[in-house]
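Have a look at the structure below before the remarks.
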Amino acid sequence: MPNPSTRRSGRRRASSGAVLDSFFFVLAGLSSVWLAVLLATESLGLGWGLLWFAVLFWALLAYLVLPRLHRILTRLYVPNYFIGRTRTSDGLLGDPVNLAVNGSAEQVHAALAAAGWTRADDVTIRSSWRIITSTLRRRSYLQAPVSPLLLFDRVQDFAYQQEVANNPAKRHHVRFWRCPAGWMLPGGHRVDWVAAGTFDRAVGLSLFTLQVTHKIDEHTDIERDHIVASIRQAVPQTGVVLIRDFATGYHSRNGGGDSIQTDGDLPVIDLRAVPPAGVTAGVTAGVTAGGTTATEPGAVVELTGLS
Amino acid sequence: MTGVDAPAPGDTVTGANDPPRRPASVMGGALLMVARAITGGFVILTVLSRWDEFEATVVVEGDRLTPVDASAAATVLGWLLAGYGLLLVLYLGLTALVFTGRNWARVLAMSMATVSILISFTDYALNGAQITLRTSLVSVTIDILILLALSSTNARHYARAVRTRRLARLTRPG
């Protein structure tokens, strides 16, 4: 155990640095608004260069000014504990958390690969460039990266997707986060992973930041059920505990301003009976199960509340 | 930050021995700082190329020195340029430290950008100064972009991660 007095002084020093950082963070946000005003004023005096300047102005607004303003404001008013919603990198409420999984990382990878899902590349300069060129040329990019969404204060651990009709604009996709040790879902359910699955239906502009982004389909429950069904079909050992009315059903918007609706059910996919090395090698099926919510391989258990 | 006491992004991905990955905001911020230094270099080049014109504008205690005392004016101008050049070199050194993730360098660079922005803003708001492409729009833009880049969460986490790693290495025996 560290000495309490040194710990306290360490925290005070860190918090004075944090205050300074917050000061610069907010000041940069305000300065960027001023810069937007300056650029808008300047563009009025620039006859022929107007279009070029308008693009520059949009880029500044969409990728620097609005994200920073959202970061400042959402830090103040969006709760940072688990409310069943992910957050975008600008702090806005993102896609709903609509799946949970029990099992090791290897088991999750094995089950999704068997169910015809492709792991998404990480976001790098190279993969970003490839997603632009493949979109323009309408060529498929099966491992296209997905945008970062945050849960537990961090970006997803990995994401899987299924492209639809060789069109990079449309795809099924699901992001996974490993739960912190000892963490439980509301209601005291212990799971290894939580996930957010949505269907990208087109490319468009975000309502809140004006950035180019994927627009998602409103009916997130259809995507959730598609993910569960595809895994159950490919991996017969999959058990499912369906927590009915885990959240109240709601209509809302995600971080890009797209409408979303859900009935609030949360399927917990149990992959602990899946052999991690490969689904087809299934001789050891069923021996790894042994947790608190272990289900019979292949079974679906419904969990309903008080009534 | 409130809520779950989760480690910062990067901490979970990289182990204690891996160097933290430099985020795009730090690279962009450092590039902009280099751009800022280059614009300063252009100022020096401009003065050198039109030495006589600038020499004629040197004013000491309210009196123009040329043509009466041209050599004194040249000395003053020379020292001013040399001082400015030295500052630019120091600024490039600061850029290198920001790039390698020194937190104090990041805070100092942000402070310098802040002072510069506030001076321009005061001039704009109180004296009605025109900030256009012909005057100071480019340098104001660069200052604001530097401040935006270096104050971002990624840049902050990176500087913290580098410091944590350095402290860990310093305290480790052997």
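How large is the helix-only mean residue ellipticity at 222 nm for chain A, computed as the sum of -39500 (n - 2.57) over DSSP H runs with n ≥ 4, divided by its residue count, in deg cm²/dmol to the nearest 500? Let's see the in-between values first.
Details: 6 runs with 101 residues, N = 307.
One gets -11000 deg cm²/dmol as the mean residue ellipticity at 222 nm.
Lys and Arg at +1, Asp and Glu at -1: add these up for the other residues within a Cβ distance under 12 Å of A:A299 and post the number.
Summing Lys and Arg as +1 and Asp and Glu as -1 gives -2.
Give the average, rounded to an integer, of partner chain Cβ atoms located within 10 angstrom of each Cβ in A:152-161.
Working: counts 6, 9, 9, 4, 0, 2, 0, 0, 0, 0.
If you average over the peptide's residues, the count of other-chain Cβ atoms is 3.
Going highest first, how would you order A:20-32, B:149-161 by mean Cβ packing within 10 Å?
Packing order, densest peptide first, comes out as B:149-161, A:20-32.
Note down the net charge around A:S104, summing +1 for each Lys or Arg and -1 for each Asp or Glu among other residues with Cβ under 14 Å from its Cβ. Write down the numbers at each step before the final one.
Details: positive: A:R178, A:R272; negative: A:E106, A:D157, A:D192, A:D270.
Result for the neighbourhood of A:S104: -2.
By its C-alpha gyration tensor, with a ≥ b ≥ c as the square roots of the eigenvalues, how is region A:166-236 shaped: rounded for a/c under 1.5, else prolate for a/b larger than b/c, else oblate? The partial results should precede the final answer.
On the way: a/c = 2.67, a/b = 1.47, b/c = 1.82.
Oblate.
If contacts are Cα pairs under 8 angstrom and at least 6 residues apart, what is the relative contact order of chain A in percent?
Value for chain A: 17 percent.
Compute the longest continuous run of chain A that contains no exposed trypsin sites (Lys or Arg not before Pro); treat a site as exposed when its DSSP state is not H, G, I, E or B and it has at most 15 other Cβ atoms within 10 Å.
Answer from the scan: A:1-136.
Across the residues of B:109-118, average count of Cβ atoms on other protein chains within 10 Å?
Mean number of neighbouring Cβ atoms from other chains: 3.
Excluding A:A113 itself, calculate the net charge of residues whose Cβ lies under 11 Å from the Cβ of A:A113, where each Lys or Arg counts +1 and each Asp or Glu counts -1.
Cβ neighbours under 11 Å give a net charge of 0.
Bear in mind that the values in this text are calculations on the coordinates, not laboratory data. What you see is a predicted model, and the numbers here were worked out from it, not measured in a lab. Using ideal geometry, Cβ is built from the backbone for each residue, glycine included, and neighbour counts are taken over all protein chains shown.
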